[in-house]
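Structure, as structure tokens:
Quick note: the coordinates plus some simple rules give every number you see, no bench work behind them. Not measured: the values here are computed from a predicted model. Neighbour counts are summed over all protein chains in view; Cβ atoms, including those assigned to glycine, are modelled from backbone coordinates with ideal geometry.
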Amino acid sequence: LQRPPRGFFQGSPDLVVEILSPNNTVEEIHTKIVEYFENETRLVWVIHPDERYVLVYHAPEPDRFLRTDDMLDGEAIVPGFSMAIADLFEEWDF
């Protein structure tokens, strides 16, 4: 039995968070989401920073559309996690 290379993770994550950039295409993101679910990912959040909304996926098609007055929660994947969508898009001061 060989150990995987350091830093290598076998399997798929339960939760994937995609933050879109202006260079992403709809086709590219859809292909990624399909691949995530084919590999047993259970939850995907796609964050649209320019439009200030989040799409929540439990399958290759979104089932929730969250705007700034909604709450994002970790469901059974990240129990106890919740965050206001408005807070997600708040400006940061450094």
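Selection of first residues in segment 55-74 that are in contact (Cβ under 8 Å) with a residue 24 or more places away in the chain and of second residues that are exposed (fewer than 15 other Cβ atoms within 10 Å of the Cβ) and of a type in the set (V, I, T), restricted to Cβ pairs under 9 Å at least 6 apart or on distinct chains, gives the following pairs, ordered by first then second residue: P60/V34. The number of residues in segment 11-34 that are surrounded by 13 or more Cβ atoms within 10 Å (Cβ to Cβ) and farther than 17 Å from V54 by Cα comes to 4. Within the set D93, D87, the sole residue that is in a loop (DSSP other than H, G, I, E, B), over 11 Å from the mean Cα position of the chain (by Cα), surrounded by fewer than 16 Cβ atoms within 10 Å (Cβ to Cβ) and acidic (D, E) turns out to be D93. Every condition in (1) more than 12 Å from the chain's Cα centre (by Cα); (2) on the phi < 0 side of the Ramachandran plot; (3) assigned to a loop (DSSP other than H, G, I, E, B) is met by T41 except one, and the failing one is (1).
Considered as a group, the residues in segment 44-82 that are closer than 15 Å to D14 by Cβ and within 11 Å of the chain's Cα centre (by Cα) include one that is surrounded by the most Cβ atoms within 10 Å (Cβ to Cβ), and that residue is V44.
Assess whether V46 counts as being among the aliphatic types (A, V, I, L, M), touching a Ser or Thr at 6+ places or on another chain (Cβ under 7 Å), part of a strand (DSSP E or B) and under 18 Å from I77 (Cα atoms). Answer is no for this residue.
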